[in-house]
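What follows is one structure encoded as structure tokens, with my remarks underneath.
The values are calculated or read from the model by the stated rules, or taken from the named source; none is laboratory data. Bear in mind the structure is a predicted one, so any value in this text is a computation, not a measurement. Ideal geometry is used to build each Cβ from the backbone, glycine not excepted, and the neighbour counts take in all protein chains shown.
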Amino acid sequence: MEMNKEQIVDLMMGFFKTKAITSALELKLFDALEQGPATAEAICEQRNIPLQSGKRLLIALTAIGLLAKQEDHFSLTKAAREYMVSGSAQWLGWLGRHIDTFLYPLWSHTAQGVRDDKDQRQAAFGDDRSWFSILYQNPQDVVDFQEFLGIFAQPFIEGMLQGFDFSGYRKFMDIGSGIGTLPMAVAARYPQLGLSVCELPQATSFVRDKIAENGYADRIKIVAGDVISGTIPKGEHDLIHLGWMLHDYAPDIQMQILRHIHEALPPGGTFIASETPLADDESGPLFTSLLSINMLVSTDGGIESTCAQYLQRFTEAGFVNARVLAIPGPRTLFIGEKRK
Ligand SMILES: C[S@@+](CC[C@H](N)C(=O)[O-])C[C@H]1O[C@@H](n2cnc3c(N)ncnc32)[C@H](O)[C@@H]1O
């Protein structure tokens, strides 16, 4: 359907809403309403911010639909209580901080990124190191990134458990596991399966703590490794998964990753990549197409691909029976096997 002018203006001004929300998260305005409705005066006094400016933000959050207002009292909507109050299981404040610290500064240089076909880390941060080196230098940034990705991954994990049968395998390794929720969910469902996580050295202590907190320390082995340099366990795991990581890297690096995983599998072993591919006709979907721009400005050539492009790379890396498996939820599985 054709868009009208108001819809276009609304899209263009979308960043007003983004920044109003991330600022309110930073100022902990939602937390100030956790105990019940309050006036602007009470909220601003509690948060130690001036009434005039604080009230502007409270009014905007009400207009956005995250707060409700009755007479002179503001209150949390159901959604704000579930996602905006720190300490809630689904808190999106992790995402808010990641947006303010990384995404918003990088996206400010998008036109230059497109002009140069290059990341904008130098322009945004004055730093030429890799995306993960910059992201992982500060422990708080690791936590923010992994926690919001964990929230994003929940519907994928449910879909993967419904759509893929792990029962024929002996040992499963999740490379680049992030917060470790996939191996923990698999551990709970398949008590006989051996499990390992392989993560970049800077991200292992985070995932180790998460796995221990959830009582899986004895069940899931944590290994520090790098799938690009090929320092990953070899010959031990007959099932390997790599989630939402190929898209972080340029196609030639994706080939290196795929070759190292092929090498690490025993004959007859299976590899699965879960990704959010572009449509075959490259018309979208919207989120994937925007994520591809995000990869442009933040990483060294990371890019979203179509199903055919992923399968071609699998075959070039030596996998046989390369195929797509549609599963419920947001991701698609790409599966390949190492010849017996
Ligand atoms: C975008 S996150 C995806 C997290 C999770 N697998 C998921 O599906 O939501 C990519 C993860 O890959 C890890 N990673 C990136 N490069 C890696 C490498 N070269 N070797 C091992 N892990 C890597 C990162 O530390 C991060 O946790």
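From the list Ala308, Ala326, exactly one residue is in the same structural domain as Asp128 (by TED's automatic domain parsing) and in contact with a strand residue (DSSP E or B) (Cβ under 7 Å, 6 or more places away or on another chain). Which is it? Outline the logic, then answer.
Values: Ala308 fails: in contact with a strand residue (DSSP E or B) (Cβ under 7 Å, 6 or more places away or on another chain).
Ala326 is the lone residue from the list that is in the same structural domain as Asp128 (by TED's automatic domain parsing) and in contact with a strand residue (DSSP E or B) (Cβ under 7 Å, 6 or more places away or on another chain).
Inspect the stretch 195-213 for any residue being over 25 Å from Asn138 (Cβ atoms) and not small (Gly, Ala, Ser) and give the result as yes or no.
Of all residues in the stretch 195-213, those over 25 Å from Asn138 (Cβ atoms) come to 195-196.
In the following step, the residues that additionally are not small (Gly, Ala, Ser) were identified as 195.
There is at least one residue in the stretch 195-213 that is over 25 Å from Asn138 (Cβ atoms) and not small (Gly, Ala, Ser).
Within the stretch 25-84, can you find the residues that are among the acidic types (Asp, Glu) and more than 33 Å from the chain's Cα centre (by Cα)?
Within the stretch 25-84, Glu41, Glu45, Glu71, Asp72 meet the criteria.
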Fill in the blank from the handout: With the first residue restricted to the stretch 272-286 and required to be outside the structural domain of Leu182 (by TED's automatic domain parsing), and the second required to be of a type in the set (Gly, Ala, Ser) and assigned to a strand (DSSP E or B), Cβ contacts under 7 Å at 6 or more apart or on different chains are none
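Quick one: how many residues across the stretch 169-192 are touching a Phe, Trp or Tyr at 6+ places or on another chain (Cβ under 9 Å) and not hydrophobic (A, V, I, L, M, F, W, C)?
Counting residues in the stretch 169-192 that are touching a Phe, Trp or Tyr at 6+ places or on another chain (Cβ under 9 Å) and not hydrophobic (A, V, I, L, M, F, W, C) gives 7.
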Fill in the blank from the handout: Counting only strands (runs of 3 or more DSSP E) entirely within the stretch 169-267, those with at least 1 residues that are under 20 Å from the mean Cα position of the chain (by Cα), within 9 Å of the ligand (Cβ to nearest atom) and of a type in the set (D, E, K, R) are 171-175, 194-199
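Look at the stretch 229-259 and say how many of its residues are among the β-branched types (Val, Ile, Thr) and surrounded by fewer than 15 Cβ atoms within 10 Å (Cβ to Cβ). First the steps, then the outcome.
As a first pass, look at the stretch 229-259 and keep what is among the β-branched types (Val, Ile, Thr): 231-232, 240, 253, 257.
Next, only the ones that are surrounded by fewer than 15 Cβ atoms within 10 Å (Cβ to Cβ) stay: 231.
The total comes to 1.
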Exercise for the section: Evaluate the following for Asp116: is it in the same structural domain as Val143 (by TED's automatic domain parsing), free of Cβ contacts under 8 Å to residues at least 60 places away in the same chain and not hydrophobic (A, V, I, L, M, F, W, C)? Expected result: yes
Exercise for the section: Considering every residue within the stretch 133-151, establish whether at least one is within 24 Å of Glu263 (Cβ to Cβ) and outside any loop (DSSP other than H, G, I, E, B). Expected result: no
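Quick check on the stretch 1-20: of everything there that is of a type in the set (S, T, N, Q) and in a helix (DSSP H, G or I), which residue is surrounded by the most Cβ atoms within 10 Å (Cβ to Cβ)?
Looking only at the stretch 1-20, we keep the residues that are of a type in the set (S, T, N, Q), and these are 4, 7, 18.
This time we only want the ones that are in a helix (DSSP H, G or I), so: 7, 18.
On the way: Gln7: 11, Thr18: 14.
The residue in question is Thr18.
Considering the stretch 152-165 alone, what residues qualify as being more than 10 Å from the ligand (Cβ to nearest atom) and either in a helix (DSSP H, G or I) or surrounded by 16 or more Cβ atoms within 10 Å (Cβ to Cβ) (or both)? Before the answer, list the steps.
Within the stretch 152-165, the subset more than 10 Å from the ligand (Cβ to nearest atom) is 155, 158-159, 161-165.
Hits for the stretch 152-165 are Pro155, Glu158, Gly159, Leu161, Gln162, Gly163, Phe164.
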Handout entry: Residue ID - nearest to the ligand (Cβ to nearest atom), chosen from residues in the stretch 106-148 that are among the basic types (Lys, Arg) and surrounded by fewer than 18 Cβ atoms within 10 Å (Cβ to Cβ)
Key = Arg129
